Amino acid sequence: MVVLGTFKTDAEIYSTPLALPKNWTLDNFRTLFDSGGLITPFKNSVIVAVFSVFITLILASMAAYAIARSITISGKVLFFLFTLGLAIPGQVNIIPIYVLFVKLNLNNSLTGLVLVNIALTLPISIFILSAFFKDLSREMFEAASIDGAGHWRIFRSIALPLCRPAMGATGIFLFVICWNDLLYPLMLISELSKKTLPLILIDYRGEYFSSFSMLFTAIFVASIPMVVMYLFFQKSFIAGITAGAVKG
């Protein structure tokens, strides 16, 4: 329905929403890009999503490796503290996050959105990656230690390459979360030049009238990066979600 709606007018969508377009037209795409209202939000969403995923994967992989390799009670305590973040709904943090970011002058800032995404997605990332690191053979790490490799060398040269499918699957999962996030941009961003794609999509809906043809076209364009990313990394994604399913 969304794809067909990109080639229809508003009147045709209201009259025959599920039917094929009578007259296929690209006017919605021309209007969308001629206005230039989607280029800046698209760029902002790319910046926020890419930096959020990249930094989160770095921090989460290091923390997950340390937790998985720890044989003391401190590793279990750290894992418990991180997983507590999964039990706290994001909506509970709205007021304290807003107050904190206003005091730090991080509202109306892409940096603020990146920091929020990192803080919110770090617990689930550590939870996922630590399970994969724990499945790796401990004897392999012990052999590397005997050969003189330190923790950083073992992590960089052995653990990360072996967990590449898990990193790819986690990265796609995080990218979708950051790309589709509406709550925190709506709360922290008010300047037009800093708005992301989900915020711009709201502008195509009003109290008394909704331009569904433009809304569907904007949704279609906004979904292209996620589809392209999955097509390029689908092998890593499938390998990541199936790793550890069969043992022995």
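The values are calculated or read from the model by the stated rules, or taken from the named source; none is laboratory data. Just so we're clear, the structure is a prediction, and the values are computed from it rather than from any experiment. Heads up, the Cβs are rebuilt from the backbone with ideal geometry, glycines too, and the neighbour counts pull from every protein chain shown. Only protein heavy atoms, including side chains, enter the accessible area calculation; ligands, DNA and RNA are left aside. Shrake-Rupley method; radii C 1.70, N 1.55, O 1.52, S 1.80 Å.
The number of residues in segment 30-64 that are assigned to a helix (DSSP H, G or I) and surrounded by fewer than 23 Cβ atoms within 10 Å (Cβ to Cβ) comes to 21. Filtered by the rule that a residue be over 27 Å from residue 150 (Cβ atoms), among the hydrophobic types (A, V, I, L, M, F, W, C), in contact with a Leu (Cβ under 9 Å, 6 or more places away or on another chain) and open to solvent by less than 80 Å² (accessible area, probe 1.4 Å), segment 65-101 gives 94, 97, 101. Restricted to segment 2-13, and to residues there that are in contact (Cβ under 8 Å) with a residue 40 or more places away in the chain and open to solvent by 50 Å² or more (accessible area, probe 1.4 Å), the residue that is farthest from residue 216 (Cα to Cα) is 9. When residue 185 is tested against (1) farther than 30 Å from residue 77 by Cβ; (2) touching a Phe, Trp or Tyr at 6+ places or on another chain (Cβ under 9 Å); (3) assigned to a helix (DSSP H, G or I), exactly one condition is not met: (2).
Sub-6 Å Cβ pairs linking a first residue in segment 74-92 that is closer than 16 Å to residue 120 by Cα to a second residue that is open to solvent by 80 Å² or more (accessible area, probe 1.4 Å), at least 6 apart or interchain, are 83/127, ordered by first then second residue.
Just for segment 15-29: of the residues that are part of a helix (DSSP H, G or I) and open to solvent by less than 70 Å² (accessible area, probe 1.4 Å), which one is nearest to residue 178 (Cα to Cα)? Steps first, please.
If we filter segment 15-29 for residues that are part of a helix (DSSP H, G or I), which is where we start, we get 15, 27-29.
From what's left, open to solvent by less than 70 Å² (accessible area, probe 1.4 Å): 28-29.
Working: 28: 26, 29: 25 Å.
Residue satisfying both the conditions and the ranking: 29.
With respect to the conditions (1) open to solvent by 30 Å² or more (accessible area, probe 1.4 Å); (2) at pLDDT below 85, residue 168 falls short on a single one, namely (1).
Checking segment 132-146 against the condition returns a match, with at least one residue being over 30 Å from residue 231 (Cβ atoms), open to solvent by 40 Å² or more (accessible area, probe 1.4 Å) and not in a helix (DSSP H, G or I).
Report the residue count in segment 65-75 for those that are over 26 Å from the mean Cα position of the chain (by Cα), part of a helix (DSSP H, G or I) and hydrophobic (A, V, I, L, M, F, W, C). If you could, list the steps in order and put the result at the bottom.
Pass one, segment 65-75, residues over 26 Å from the mean Cα position of the chain (by Cα): 69-75.
Still in the running and part of a helix (DSSP H, G or I): 69, 73-75.
Now narrow it down to the ones that are hydrophobic (A, V, I, L, M, F, W, C): 73.
Counting residues in segment 65-75 that are over 26 Å from the mean Cα position of the chain (by Cα), part of a helix (DSSP H, G or I) and hydrophobic (A, V, I, L, M, F, W, C) gives 1.
Cβ separations smaller than 9 Å between residues 6+ apart or across chains give the following pairs from segment 25-47 residues that are within 21 Å of residue 3 (Cα to Cα) and of a type in the set (Phe, Trp, Tyr) to residues that are open to solvent by 20 Å² or more (accessible area, probe 1.4 Å) and part of a helix (DSSP H, G or I): 29/220; 33/39; 42/225. Exactly one residue among 60, 49 is of a type in the set (A, V, I, L, M, F, W, C), more than 30 Å from residue 201 (Cα to Cα) and at pLDDT 90 or above, and that residue is 60. From the list 146, 200, 158, the one residue that fits, being over 22 Å from residue 54 (Cβ atoms), hydrophobic (A, V, I, L, M, F, W, C), out of contact with any Pro (no Cβ under 9 Å at 6 or more places or on another chain) and at pLDDT below 85, is 146.
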